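Enquirer: Quick one: the structure is below, and I'll ask about it shortly.
The values are calculated or read from the model by the stated rules, or taken from the named source; none is laboratory data. Bear in mind that the values here come from a model prediction, so they are computed numbers and not experimental data. For neighbour counting, all protein chains shown are included, and Cβ atoms are generated from backbone atoms with ideal geometry for every residue, glycine included. Side chains included, ligands, DNA and RNA excluded: accessible areas come from the protein's heavy atoms. Shrake-Rupley method; radii C 1.70, N 1.55, O 1.52, S 1.80 Å.
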Amino acid sequence: MKEEEIIEKLQKLGLTKYESLAYVSLLKLGPSKATDITRESGIPHTRVYDVLSSLHRKGFVDVMHGSPRLYKPVNPEVILEKLKEEFIEDIDNLKSAFIELYHQAHGQDLPEIWTIHGFDNTLERVEHVLRSAKHEVLINTPYAFLKLLKKDIKSRKDVLFVIITNLPNEVPEWLEADNVLLAKTGGAPWLMGSWIIGDIDYALFFGALPQDKRRERFYSFWAKSPWIIQNYMHWFYTIYFDNSDVVKPINYEALPKPMSLVNIRTLITVLKFAGIPKGIEVVGRHIDTKKTVELRGRIVNYEYTPLVANITVESGGKIWKVGGIGSYVEDVEGERFILLD
């Protein structure tokens, strides 16, 4: 790297041009007098002491007191590592501050939506969704793409998969797992594209698969926002799943308990096969007060339509209506549902 480029990059790190010149000169000279630094760097003699004092305050220079006074450059690896740590900490603090500002103004987390370019990049993001999910993964995609996810689906026995695809005649062995709920697409809605949703954290959407991955441009859309993803989940069930045929239910009795889910429609779909009453813990918020609430009781009923999804929980001698994220007519907005038996 040329010396001019080094000076430019040091200025990007917060040094002035004279400070950058002085530090580079010290690296070349070693411990030096101010007059030597002036001669090497071209910094005016009337400015050099102020520049060296500033470098000392910033941690780039050590002062060796004596007669004459010498200035020694701090090891670049030490100072750059310190700057990197401070820079990363500042970025993290700014990120937290920006998110908090947005949350205070809008009452919700800052949504993140990106366009992903390229089929391979999209596949990489989908694999990240499958590997990072903690509760449930919803997949609506052609079988040709689903097969690319075989390894990750087989390896995750600790999450629930709800999968819709244009299945071949028989259910393949790798989709026979107890934690896989498999449905065969009903047809027309299939033309609307693929959805891969992990918990309430990540979602990915894309259209038709490319015929030639090297020549065709391919784009997908990646979202990280509970308030957006809850709508995606709603569409997943009401547009796709409810218009498809279940060909392989989950084996609820064989699944480990407690079983944690984050979407109310996934919970009710499980209850349709598992039956009620069922013991449950609900973590959420009171609709009226917005205060955190934890219920422990039994599910005694549920309601499921394209517009409404909720469960009735008997807890502490009271009856509670519990909906999902964004609920406003129930008693509790449920954020996590833990089936106990």
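Enquirer: In the stretch 312-319, is there at least one residue being modelled with pLDDT of 95 or more and surrounded by 17 or more Cβ atoms within 10 Å (Cβ to Cβ)?
Expert: For the stretch 312-319, residues modelled with pLDDT of 95 or more and surrounded by 17 or more Cβ atoms within 10 Å (Cβ to Cβ): present.
Enquirer: OK, next. Output the number of residues of the stretch 204-225 satisfying the condition of being of a type in the set (Ser, Thr, Tyr), assigned to a loop (DSSP other than H, G, I, E, B) and modelled with pLDDT of 85 or more.
Expert: As a first pass, look at the stretch 204-225 and keep what is of a type in the set (Ser, Thr, Tyr): 219-220, 225.
From the residues that got through so far, the ones that are assigned to a loop (DSSP other than H, G, I, E, B) too are 225.
Okay, now just the ones that are also modelled with pLDDT of 85 or more, so none.
Selection size over the stretch 204-225: 0.
Enquirer: Output the residue which, of all residues in the stretch 64-97 that are among the hydrophobic types (A, V, I, L, M, F, W, C) and farther than 30 Å from Val48 by Cβ, is least open to solvent (accessible area, probe 1.4 Å). If you could, list the steps in order and put the result at the bottom.
Expert: Going through the stretch 64-97, the residues among the hydrophobic types (A, V, I, L, M, F, W, C) turn out to be 64, 70, 74, 78-80, 83, 87-88, 91, 94, 97.
The next check asks that each one be farther than 30 Å from Val48 by Cβ; those that pass are 88, 91, 94, 97.
On the way: Ile88: 86, Ile91: 81, Leu94: 91, Ala97: 46 Å².
Among residues in the stretch 64-97 that are among the hydrophobic types (A, V, I, L, M, F, W, C) and farther than 30 Å from Val48 by Cβ, the one least open to solvent (accessible area, probe 1.4 Å) is Ala97.
Enquirer: May I pose another question? Being outside any loop (DSSP other than H, G, I, E, B) and open to solvent by 20 Å² or more (accessible area, probe 1.4 Å) is the filter here; which residues of the stretch 320-332 pass it?
Expert: Initial filter on the stretch 320-332 (outside any loop (DSSP other than H, G, I, E, B)): 320-323, 332.
Across the stretch 320-332, the qualifying residues are Trp320, Lys321.
Enquirer: Name the residues in the stretch 122-157 that are open to solvent by 10 Å² or more (accessible area, probe 1.4 Å) and touching a residue at least 60 places away in the same chain (Cβ under 8 Å), would you?
Expert: Result: Arg125, His128, Ser132, Lys134, His135, Pro142, Ala144.
Enquirer: Given the condition farther than 15 Å from Phe161 by Cα and outside any helix (DSSP H, G or I), answer yes or no: does some residue in the stretch 226-241 qualify?
Expert: No, the stretch 226-241 contains no residue that is farther than 15 Å from Phe161 by Cα and outside any helix (DSSP H, G or I).
Enquirer: Can you tell me which residues in the stretch 270-310 are open to solvent by 70 Å² or more (accessible area, probe 1.4 Å), of a type in the set (Ser, Thr, Tyr) and outside any loop (DSSP other than H, G, I, E, B)?
Expert: Passing the criteria: Thr292, Tyr302.
Enquirer: Moving on. Looking at Leu27, Leu52, which is the one that is in contact with a strand residue (DSSP E or B) (Cβ under 9 Å, 6 or more places away or on another chain), among the aliphatic types (A, V, I, L, M) and exposed (fewer than 15 other Cβ atoms within 10 Å of the Cβ)? Break it down stepwise before answering.
Expert: Values: Leu52 fails: exposed (fewer than 15 other Cβ atoms within 10 Å of the Cβ).
Within the list Leu27, Leu52, the selection yields Leu27.
Enquirer: Follow-up. Could you list, in sequence order, all residues of the stretch 167-203 that are part of a loop (DSSP other than H, G, I, E, B) and modelled with pLDDT of 90 or more? Please lay out each step first, then the result.
Expert: Start the filter on the stretch 167-203 by keeping residues that are part of a loop (DSSP other than H, G, I, E, B), which leaves 167-172, 176-179, 185-187, 193, 199-201.
Answer for the stretch 167-203, where residues must be part of a loop (DSSP other than H, G, I, E, B) and modelled with pLDDT of 90 or more: Val171, Pro172, Glu176, Ala177, Asp178, Asn179, Asp199.
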